[in-house]
Amino acid sequence: MKKWITAVISSIILILFIYSVYSIRNFAVDGNNKVLYSGKILEDIYTDKARYNPNDTANINIEVKNTTNKDFNGIVYLYLKHLGKTKGVIKENLSIEKGKSCNIKVTITLPNDDFKGYLIEAYAVKGRKIYDYRNTAVNVSSKWSVFPIYGYITDFPKQDIEKTKKIIGELSKYHINVLQFYDWQDAHHKPLPQDGSRVWKDIAGREIYLDTLKGYIDSAHEKNILAANYNLIYGAYTDYIKDKVKAEWGLYKDNEHTQQDGHTLPSSWESSLCVFNPSNSEWQNYIFNEEKKANSLLNFDIWHMDTLGNRGYLYDYYGNDVDLKSTYSEFIDEALKNCTKEAVFNTVNTYGIDEIAKSGVSILYSELWPSDYLTYLSLKQVIDMGDKLTEGKKKTVIAAYMNYEKAESKGEFNENSVRLCDASIFAAGGSHIELGDTGMLAKEYFPNDNLTMTEPLKNAMRSYYDFLVAYENLLRDGLKEGNSRIEIEGTEVSDKALPNKIWAYSKIKEGYDVIQMINFTGIKYNWWRDDYGVYPSPNFKKDLKLRYYTDDLNVKKVYLASPDINGGKTISLKYKVKEYDGKKYIEINIPELKYWDMIYIER
């Protein structure tokens with residue numbers, strides 16, 4: 001009798017558990033596929049590292065704050081999902097009085113698959129009711145360069161290590177896995193001070209503290225974030241002769257070496273810069289030796305090699321023509337042999353990108369300017385160019401400075417144009433260096449911090465970077481350009497990112513067709529920079545009917561995922577397979593479009 005009772009009780013418990021899990025899956029959304037998010041229980045959720053190896057243990061930090069009018073006694077469910085499919089479920093009991101706060105740490109053993117992105121969905125549940133929902137993402141990649149997410153550090157004042165760790169911790173929440181350490185040197189041609197000082201001034205006269213610099217590098221490494229040592233490949237201060245740099249190594253504007261090429265900087269700064277010949281073996285030996293000294297003191301992982309773009313006609317000291325871009329590849333490969341483990345190279349406005357793509361750089365990196373790359377479409381074209389040149393083996397990071405003219409004075413970034421720019425880059429398969437210790441970049445001089453991020457923009461960026469990681473396998477993992485025609489009933493569509501239209505195009509990979517939709521309706525211009533920060537939000541679209549013309553009507557399921565909806569949670573869509581007048585297409589019902597939707601068809 002006792003065994004029978006025990007069996008019945010065990011069965012009831014099992015049924016209740018299955019029922020509770022089923023409830024989460026089926027009551028996590030309302031009839032419009034909207035997650036019941038309130039922000040009244042789950043204040044934040046983030047991982048303890050920016051990047052993980054397969055089978056690593058990830059600690060998920062959940063900040064809880066009960067701002068409801070009653071005590072909460074329930075469960076927090078965590079779902080680990082890959083492209084909408086559940087890979088694991090963990091539950092934690094949560095009891096918290098009204099008005100109180102606490103932190104929960106949940107440990108997850110990650111899957112064995114390498115180079116995969118995951119979404120973590122967290123639900124605060126009481127009974128069958130969802131009280132709150134938040135999410136984060138996990139990048140399982142043994143190599144950072146497969147899915148690079150670039151950030152920056154540019155201020156190195158005297159500060160305690162706790163502040164340093166806090167700044168790195170905040171950047172880690174965006175899953176940034178490599179940081180560019182900008183303008184930390186004593187001098188470009190001699191990065192470390194010759195007197196062994198632990199405090200020095202950079203080129204702009206800012207004080208640099210060695211302990212702070214070291215603290216940032218060490219703190220980054222603790223989060224699985226790599227440290228990139230920023231420096232020009234060919235720059236020296238104007239008084240370079242005193243440091244045994246020779247004029248014979250220089251590049252000149254004339255064939256009689258009367259005018260050395262250079263870059264003029266403000267008179268209040270330490271110096272302007274003179275330019276040297278990257279192919280000159282003596283210059284290479286000199287600068288490689290200085291970089292080696294820096295790397296022996298500071299645990300940098302990468303040399304972020306900067307350039308000044310196309311310098312026009314140049315000559316060496318002896319009057320010979322120098323094709324600057326043709327010197328890059330040799331310089332990089334020699335540097336990799338002599339002074340650095342990895343290299344990233346800035347091809348300004350893609351100058352020299354053909355050569356760089358053949359070299360040993362880990363990724364492609366281009367600082368883009370409207371003089372050559374004005375429109376949203378041009379951002380995609382640069383990413384497509386990189387994919388073509390490397391057969392998709394090297395990913396592209398774009399430096400594109402937002403609201404540039406507005407940053408001449410104090411103000412705030414325009415959330416609308418930032419989101420549209422990021423959507424254009426991310427959807428095309430690239431990433432955007434924009435987030436760092438000062439907030440967000442608006443100028444090529446990284447310490448410029450005139451523009452600040454609003455709280456809504458910070459929240460939006462968290463969603464966008466979670467999305468970039470969670471769906472990295474549908475954004476930048478072996479996709480090829482599609483050629484299917486796309487129509488949206490009652491709305492103008494363009495595959496060229498034209499103003500006042502929805503930009504829609506497709507890509508394909510084994511098992512999936514992926515449709516990107518970026519909303520420019522109500523936007524008068526298709527210039528990505530939005531110099532004065534005036535772009536309005538796009539016209540909000542609801543209940544769209546999209547037609548995707550294709551001869552392959554073999555469809556398993558159709559999904560929508562968007563950083564603007566449910567924090568990137570996958571939504572299953574209704575669709576119909578149709579044929580009209582000999583043309584075959586899939587008709588897909590899309591509930592809404594704010595800035596950016598991604599539709600993916602599972603074959």
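Selection of first residues in the range 156-182 that are among the aliphatic types (A, V, I, L, M) and of second residues that are in a helix (DSSP H, G or I) and modelled with pLDDT under 95, restricted to Cβ pairs under 9 Å at least 6 apart or on distinct chains, gives an empty result.
The set of residues in the range 448-489 that are within 24 Å of L368 (Cβ to Cβ) and assigned to a strand (DSSP E or B) comprises L451, T452, K480, E481.
Can S95 be described as surrounded by fewer than 16 Cβ atoms within 10 Å (Cβ to Cβ), in contact (Cβ under 8 Å) with a residue 12 or more places away in the chain, touching an Asp or Glu at 6+ places or on another chain (Cβ under 9 Å) and outside any loop (DSSP other than H, G, I, E, B)? Here the answer is yes, as S95 does meet what is asked. When Y505 is tested against (1) in a strand (DSSP E or B); (2) more than 24 Å from the chain's Cα centre (by Cα); (3) among the hydroxyl-bearing types (S, T, Y), exactly one condition is not met: (2). Within the range 303-328, the set of residues being under 12 Å from I233 (Cβ atoms) and polar (S, T, N, Q) comprises T307, T327.
Taken over the range 62-92, the criterion of being among the small types (G, A, S) and touching a residue at least 40 places away in the same chain (Cβ under 8 Å) is satisfied by G74, G84. For the range 188-195, the condition of being surrounded by 19 or more Cβ atoms within 10 Å (Cβ to Cβ) and among the charged types (D, E, K, R) holds for at least one residue.
If you check V514, V558, which single one turns out to be among the β-branched types (V, I, T) and in contact with a helix residue (DSSP H, G or I) (Cβ under 8 Å, 6 or more places away or on another chain)? Steps first, please.
Details: V558 fails: in contact with a helix residue (DSSP H, G or I) (Cβ under 8 Å, 6 or more places away or on another chain).
Exactly one of V514, V558 is among the β-branched types (V, I, T) and in contact with a helix residue (DSSP H, G or I) (Cβ under 8 Å, 6 or more places away or on another chain), namely V514.
For G319, the requirement of being assigned to a loop (DSSP other than H, G, I, E, B), surrounded by fewer than 19 Cβ atoms within 10 Å (Cβ to Cβ) and assigned by TED's automatic domain parsing to the domain that holds Q180 is not met.
Name every residue in the range 561-590 that is of a type in the set (A, V, I, L, M) and either part of a strand (DSSP E or B) or exposed (fewer than 14 other Cβ atoms within 10 Å of the Cβ) (or both), in order of residue number.
A561, I571, V577, I586, I588, I590
When you scan the range 200-214, do you find a residue that is among the charged types (D, E, K, R), out of contact with any Gly (no Cβ under 6 Å at 6 or more places or on another chain), more than 18 Å from T154 (Cβ to Cβ) and not assigned by TED's automatic domain parsing to the domain that holds E43, even just one?
Narrowing the range 200-214 to residues among the charged types (D, E, K, R): 201-202, 206-207, 211, 214.
With the extra rule that they be out of contact with any Gly (no Cβ under 6 Å at 6 or more places or on another chain), the set shrinks to 201-202, 206-207, 211, 214.
From the residues that got through so far, the ones that are more than 18 Å from T154 (Cβ to Cβ) too are none.
Within the range 200-214 (the criterion being among the charged types (D, E, K, R), out of contact with any Gly (no Cβ under 6 Å at 6 or more places or on another chain), more than 18 Å from T154 (Cβ to Cβ) and not assigned by TED's automatic domain parsing to the domain that holds E43), the answer is no, since none of the residues qualifies.
Can you confirm whether D186 is in the same structural domain as H432 (by TED's automatic domain parsing) and without any contact (Cβ under 8 Å) to a residue 24 or more places away in the chain? Considered against the rule, which asks whether it is in the same structural domain as H432 (by TED's automatic domain parsing) and without any contact (Cβ under 8 Å) to a residue 24 or more places away in the chain, D186 comes out as yes.
The values are calculated or read from the model by the stated rules, or taken from the named source; none is laboratory data. Every value quoted in this text rests on a predicted model; they were computed, and no experiment measured them. No Cβ is skipped: glycine too gets one built from the backbone with ideal geometry, and neighbour counts run over all protein chains shown.
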